[in-house]
Amino acid sequence: MLHTRTTAAERRRALREQLASGRLLRVPGAINPLSARLVQDTGFDAVYLSGAVLAADLGLPDIGLTTSAEIAARAQQTTRVTDLPVLIDADTGFGEPMNAARTVQLLEDAGLAGLHLEDQVNPKRCGHLDGKTIAPREEMVRRLRAAVDARRDPDFLLMARTDARSVEGLGAAIDRAKAYVDAGADAIFPEALADEAEYEAFRKAVDVPLLANLTEFGRTPLLDTRTLESLGYNIALYPVTLLRLAMGAIEDGLRTIATEGTQQSLLPRMQTRSRLYELLGYADYAAFDSAVFDFTLPPGT
């Protein structure tokens, strides 16, 4: 009620322990704090905050228009309501290495369990679009080293994302990943791999936790969890799935109301009032309110 019952440090340690277990973590991207609660309620392992979703929530494309302060504020709203570890997309760190260092501390303070930084130039582009420009390897290494130096909690996960596969090829992406691990990255996010063979090649070459980005309508096949487990991946990420589902339902609902003049036919597709109240913990708030305000002072006080 009101906030999570765990501390950020506890959630960071939990994420580290889960990654060390070797099992595949299933991590959907939340679209708001309430959906993060639902991710927890349905038994997933962690919550993700996508840069594309955070931008879209502001009505903006994913081209580097958001700021570190904006994503930190949204992150804090989310970490307040879930006991799951929360990972966030920190784009390129929002500037030079010093900006990346500040971003790390802002996001630590927001209660996150970790972030990923990518090796595109700033401003970036969506990882599944053409026209991306990759920063020189040495520049990304400086970005990562600044992030590592700025980190105060050693359990805060620093992940490096490489977008080199679609620009420089698989071999270059693997070489970059190795350099990023040497620079201090705890995990690697290889963006836009083309098939299972590429996933397998990355796993054989890199010995830190790996993330599989299962975004829809992109370059990567939507591999199932059994396949990813057999390939030795550690995180199955569904970054924009909930946003796509929600926006599709909203658009269909609006068209139905416009056509039919009522929302009556949409009722079976809606979350009920009782389920919403259950998710929000209305009963707990009511009990707390009664305990605080509905009392009688003992005699003589």
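The values are calculated or read from the model by the stated rules, or taken from the named source; none is laboratory data. All values reported here derive from a predicted model rather than from experimental measurement. Cβ sites come from the backbone with ideal geometry, for glycine too, and all protein chains shown count toward neighbours. Side chains included, ligands, DNA and RNA excluded: accessible areas come from the protein's heavy atoms. Shrake-Rupley method; radii C 1.70, N 1.55, O 1.52, S 1.80 Å.
Structure summary
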{"item": "Per residue accessible area in Å² of segment 2-103, where ligands, DNA and RNA are left out and the probe is 1.4 Å", "result": "43 Å²"}
{"item": "For segment 61-207, alpha-carbon Rg relative to the globular expectation (2.2 N^0.38 Å, N residues)", "result": "1.00"}
{"item": "Accessible-area composition of segment 6-76, carbon plus sulfur, in percent [1.4 Å probe]", "result": "55 percent"}
{"item": "Helix runs (DSSP H) in the chain reaching 24 Å along axis by Cα, Kyte-Doolittle at least -1.0", "result": "241-260"}
{"item": "Point-charge dipole on Cβ atoms (K/R +1, D/E -1) for the chain, about Cα centre, debye to 20", "result": "160 debye"}
{"item": "For segment 180-301: accessible area per residue (Å², 1.4 Å)", "result": "61 Å²"}
{"item": "Cα convex hull volume per residue for segment 164-301 (Å³)", "result": "242 Å³"}
{"item": "Value of relative contact order over segment 44-90, rounded to a whole percent, pairs C-alpha under 8 Å and six or more apart", "result": "61 percent"}
{"item": "For peptides 89-101, 274-286, sequence by mean Cβ density within 10 Å, most packed first", "result": "89-101, 274-286"}
{"item": "Rh by Kirkwood over Cα pairs, then Stokes-Einstein D for segment 73-122 at 0.692 mPa s and 37 °C, µm²/s", "result": "294 µm²/s"}
{"item": "Kirkwood Rh in Å, taken over all unlike Cα pairs in the chain", "result": "20.5 Å"}
{"item": "Ellipticity estimate at 222 nm from DSSP helix runs (n ≥ 4, -39,500 (n - 2.57)) divided over the chain, nearest 500", "result": "-14500 deg cm²/dmol"}
{"item": "Geometric extent, Cα atoms of segment 9-97 - Rg, Dmax (angstrom)", "result": "13.5, 39"}
{"item": "Segment 25-124 - charge dipole about Cα centre, Lys and Arg +1 at Cβ, Asp and Glu -1, debye rounded to 20", "result": "200 debye"}
{"item": "Sites residue 217 and residue 249 - FRET efficiency at Förster radius 22 Å, r taken between beta-carbons, to 0.05", "result": "0.80"}
{"item": "Dipole of the chain, positive end: most advanced residue of 36, 7, 140 [Cβ charges, Cα centre]", "result": "7"}
